[in-house]
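Asker: Take this structure, written in structure tokens, and hold onto it; I'll ask about it next.
The values are calculated or read from the model by the stated rules, or taken from the named source; none is laboratory data. Bear in mind that the values here come from a model prediction, so they are computed numbers and not experimental data. In this analysis, Cβ positions are derived from the backbone assuming ideal geometry, glycine residues included, and neighbour counts consider all displayed protein chains. Note: areas computed on protein heavy atoms with side chains; ligands, DNA, RNA excluded. Shrake-Rupley method; radii C 1.70, N 1.55, O 1.52, S 1.80 Å.
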Amino acid sequence: MPQRILIIRLSAIGDLVMASPMAAALRCRYPDAHIAWLVQDGLQELLVAHPGLDAVLAAPVAHWKLLWRQRRLRRLGRELGAFRHRLQAERFDLALDLQGLFKSGLLLRLSGAKRRVTLGGREGSRWLATETVSVPVAGQEWISSEYRTLACYLGLPDSPFPLQVAIPQTAA
């Protein structure tokens, strides 16, 4: 039974909203677990008040892309190493890549979690995970069906599967 869980869905506001039920499903199945969400820097406000989460972590993906384009590879390596150290200090035992891309898969691997599950596994992210869950076939899916598929795979409740984005009190 996982005690420390990391959800990785970095970007795309609509996709963050569609993936939001995963936190509640995990909370329902593992009420005492520490559940954190890793999101791209600048989008953490969408999740910071989510009732199913204990923490929201931000990754400076745009900054890392800039360093890559500028070929500042030594600095990029140092920053990724420091971020890896920060993630591994959290001691996650289950990490879920809800994006299934190389960038999310890399962070999945850097998390240090023993069990690393990716959804779809495109762009080679399946090689960075310990398990890959196939997404529904095109034309047979419904809104957020890939997240429901992952929930079922993990033995989580997939019904009800309400979308949840909470606005922090300070934003009101």
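Asker: More than 13 Å from the chain's Cα centre (by Cα) and over 19 Å from Arg148 (Cα atoms): does that describe Leu57? So that I can check it myself, show each step before the final result.
Answerer: Numbers: more than 13 Å from the chain's Cα centre (by Cα): no; over 19 Å from Arg148 (Cα atoms): yes.
Answer is no for this residue.
Asker: Among the candidates Ala58, Ala23, Ala33, single out the residue that is over 21 Å from Pro160 (Cα atoms) and either in contact with a strand residue (DSSP E or B) (Cβ under 8 Å, 6 or more places away or on another chain) or modelled with pLDDT of 95 or more (or both). Spell out how you get there, then give the answer.
Answerer: Working: Ala23 fails: over 21 Å from Pro160 (Cα atoms); Ala33 fails: over 21 Å from Pro160 (Cα atoms).
After applying the criteria, what remains is Ala58.
Asker: Right, something else. Are any residues in region 106-131 of a type in the set (S, T, N, Q) and crowded, with 20+ Cβ neighbours inside 10 Å, and if so, which ones?
Answerer: Within region 106-131, the first condition is being of a type in the set (S, T, N, Q), and the residues that meet it are 111, 118, 125, 130.
Residues satisfying the conditions are Ser111, Thr118, Ser125.
Asker: Kindly indicate whether Arg84 is open to solvent by 30 Å² or more (accessible area, probe 1.4 Å), among the basic types (Lys, Arg), closer than 21 Å to Ser11 by Cα and in contact with a Phe, Trp or Tyr (Cβ under 9 Å, 6 or more places away or on another chain). If you could, list the steps in order and put the result at the bottom.
Answerer: Details: open to solvent by 30 Å² or more (accessible area, probe 1.4 Å): yes; among the basic types (Lys, Arg): yes; closer than 21 Å to Ser11 by Cα: yes; in contact with a Phe, Trp or Tyr (Cβ under 9 Å, 6 or more places away or on another chain): no.
Answer is no for this residue.
Asker: Something else about it: Taking the conditions exactly as written (open to solvent by less than 10 Å² (accessible area, probe 1.4 Å), more than 16 Å from the chain's Cα centre (by Cα) and modelled with pLDDT of 95 or more), does Leu67 satisfy them or not? Break it down into steps so the answer makes sense when it comes.
Answerer: On the way: open to solvent by less than 10 Å² (accessible area, probe 1.4 Å): yes; more than 16 Å from the chain's Cα centre (by Cα): yes; modelled with pLDDT of 95 or more: yes.
Answer is yes for this residue.
Asker: Out of region 8-54, which residues are under 16 Å from Ala151 (Cα atoms) and touching a Ser or Thr at 6+ places or on another chain (Cβ under 6 Å)?
Answerer: Ile8, Met18
Asker: While we're on this one: Among the candidates Ala25, Ala49, single out the residue that is closer than 24 Å to Arg91 by Cα and buried (at least 20 other Cβ atoms within 10 Å of the Cβ). Write out each step before concluding.
Answerer: Details: Ala49 fails: buried (at least 20 other Cβ atoms within 10 Å of the Cβ).
Answer to the selection: Ala25.
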